[in-house]
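Okay, so here's the structure we're looking at.
Taken together, the values in this text are just the output of simple stated rules run on the coordinates, not laboratory data. Here the structure is a predicted model, which is why all the values come from computation and not from measurement. A quick note on method: Cβ atoms are made from the backbone with ideal geometry, for glycine too, and the neighbour counts reach across all protein chains shown.
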Amino acid sequence: MDFINLWVQGQADLGDVVNLINAWAEGPVCELPGDYPPCGEITLEEVVDFINLWAQGQAELEDVVNLINAWAGS
């Protein structure tokens with residue numbers, strides 16, 4: 001719960017919160033920031049959501065570019 005509170009306060013990335021919850025629930029954890037389970041199946045919605053997180057200062061531009069490249073290559 002503390003990590004979710006950090007995210008609410010803008011001190012943690014949403015992708016990290018999702019991966020933490022998945023790890024706790026023994027679900028998959030995606031290595032690529034912005035990619036959510038099922039891992040490797042990057043959707044346009046994930047890309048747009050991650051761009052929005054970047055615009056809010058909650059994601060790194062390099063990670064956004066990597067996600068876009070992965071989406072474009074799939």
**Item:** the chain: calculated mean residue ellipticity at 222 nm from DSSP helix runs of at least 4, using -39500 (n - 2.57)
**Value:** -17000 deg cm²/dmol
**Prompt:** Ranked from highest to lowest mean number of other Cβ atoms within 10 Å per residue, what is the order of the peptides 55-65, 11-21?
**Reply:** 11-21, 55-65
**Asked** What translational diffusion coefficient, in µm²/s and rounded to a whole number, does the Stokes-Einstein relation yield for the chain at 37 °C and a viscosity of 0.692 mPa s, taking the hydrodynamic radius as the Kirkwood radius over Cα pairs?
**Response** 263 µm²/s
**Prompt:** Which residues' amide hydrogens lie under 5 Å from the amide hydrogen of residue 12, considering only partners 5 or more residues apart or on another chain, with H built in the peptide plane?
**Reply:** 7
**Request:** Please give the FRET efficiency for residue 48 paired with residue 2, using the beta carbon to beta carbon distance and R0 = 22 Å, rounded to the nearest 0.05.
**Result:** 0.15
**Asked** R0 = 25 Å: FRET efficiency of residue 60 with residue 25, Cβ-based, nearest 0.05?
**Response** 0.45
